[in-house]
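Colleague: Below you will find the structure I want to go over with you.
The values are calculated or read from the model by the stated rules, or taken from the named source; none is laboratory data. Source: prediction; values computed, not measured. Here the Cβ is made from the backbone with ideal geometry for all residues, glycine too, and neighbour counts use every protein chain on show. Only protein heavy atoms, including side chains, enter the accessible area calculation; ligands, DNA and RNA are left aside. Shrake-Rupley method; radii C 1.70, N 1.55, O 1.52, S 1.80 Å.
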Amino acid sequence: IPYMYIAMNLENFVKYYSEIISHSYGSFTFEFLTNSVGISSWIAEYFNFDKFKLHIGGYNTFPFYWPYYYDFGISGLAIVPFIIGFIISNIYYRFHRNPNMVALTLYAVAFAVIVISYTSDPLTRLDMMLNFVVIVVAQYFIINNGNQQISKYINVNT
């Protein structure tokens, strides 16, 4: 089964990339934003976009870079993964320069994106992006609130 997920998504890309007549110019790359405000289905219906119109059920998946190709063509394949890699490398080096819990959380999210990328793209899905944002924001508030509580406790006792 794991081999099917790895092999079939590349086969689907090779088979169906030539059948894309027009690109969707960011509709699928930023689908998590349009889903969060509830206009994704309106955009898809109005412009007649269907992300998986060529998808065959079963073990067939599309690769990580399918939405980027569908949105922007060859330039999307070159630029968007480069930007994602640049951001992940900055998170990695930030974590190693200044290790703290927020940097660790960002690094864990980046690692999760890398690990799951063989079957799907979590960066275009609302369910994954919402989880990532909640985890990072909660960690940020826990760290800041904890520091304020500690400083208040230290100031009271001195």
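Colleague: On average, how much accessible surface per residue is there in the chain, in Å², for a 1.4 Å probe, leaving out ligands, DNA and RNA? Before the final figure, lay out the partial values.
Modeller: Numbers: 10400 Å² over 158 residues.
That works out to 66 Å² per residue.
Colleague: Also: Mind listing the phi-derived Karplus ³J(HN,Hα) values for the range 69-82, rounded to whole Hz, using 6.51, -1.76 and 1.60 with θ = phi - 60°, and x for any glycine or proline?
Modeller: Couplings: 5, 4, 6, 10, x, 4, 5, x, 5, 8, 8, 5, x, 4 Hz.
Colleague: For Cα pairs less than 8 Å apart in space and 6+ apart in sequence, what is the mean separation divided by the residue count of the range 1-109, i.e. the relative contact order in percent?
Modeller: Details: 75 pairs, mean separation 34.1, N = 109.
31 percent.
Colleague: Residue by residue through the range 14-28, what is 3J(HN,Hα) from phi via Karplus (6.51 cos²θ - 1.76 cosθ + 1.60, θ = phi - 60°)? Round to whole Hz and write x for glycine and proline.
Modeller: After applying 6.51 cos²θ - 1.76 cosθ + 1.60, I find 4, 6, 9, 5, 6, 8, 7, 8, 10, 8, 9, 6, x, 4, 8 Hz.
Colleague: Moving to a separate point now. Select one label from (1) 38, 18, 14; (2) 26, 21, 14; (3) 43, 22, 14: the one whose number is semi-axes √(5λ) of the Cα gyration tensor in Å as derived from the coordinates shown.
Modeller: (1)
Colleague: Report, to the nearest whole %, how much of the accessible area of the chain belongs to carbon and sulfur atoms, 1.4 Å probe, protein only.
Modeller: Details: 7000 of 10400 Å².
About 67 percent, which is the carbon plus sulfur part of the accessible surface.
Colleague: Follow-up question, since we're still on this one. Per-residue counts of other Cβ atoms within 10 Å, averaged by peptide: what ranking do you get for 66-75, 103-112, 16-25, highest first? Before the final figure, lay out the partial values.
Modeller: Numbers: 66-75: 20.2, 103-112: 17.6, 16-25: 12.8.
Taking the mean over residues of other Cβ atoms within 10 Å, the ranking is 66-75, 103-112, 16-25.
Colleague: Farthest toward the dipole's positive end in the chain, which of ASN35, ASN12, HIS23, given Cβ charges of +1 (Lys, Arg) and -1 (Asp, Glu) about the Cα centre?
Modeller: Of the candidates, ASN35 comes out farthest on the positive side.
Colleague: For helix 101-116, what angle does its Cα long axis make with the longest principal axis of the chain, in degrees from 0 to 90 and rounded to 10?
Modeller: 20 degrees
Colleague: Which ³J(HN,Hα) values, rounded to whole Hz and listed in residue order, are derived for the range 129-140 from phi using the Karplus coefficients 6.51, -1.76 and 1.60 in 6.51 cos²θ - 1.76 cosθ + 1.60 with θ = phi - 60°, glycine and proline given as x?
Modeller: 5, 4, 4, 4, 5, 4, 4, 5, 5, 4, 5, 4
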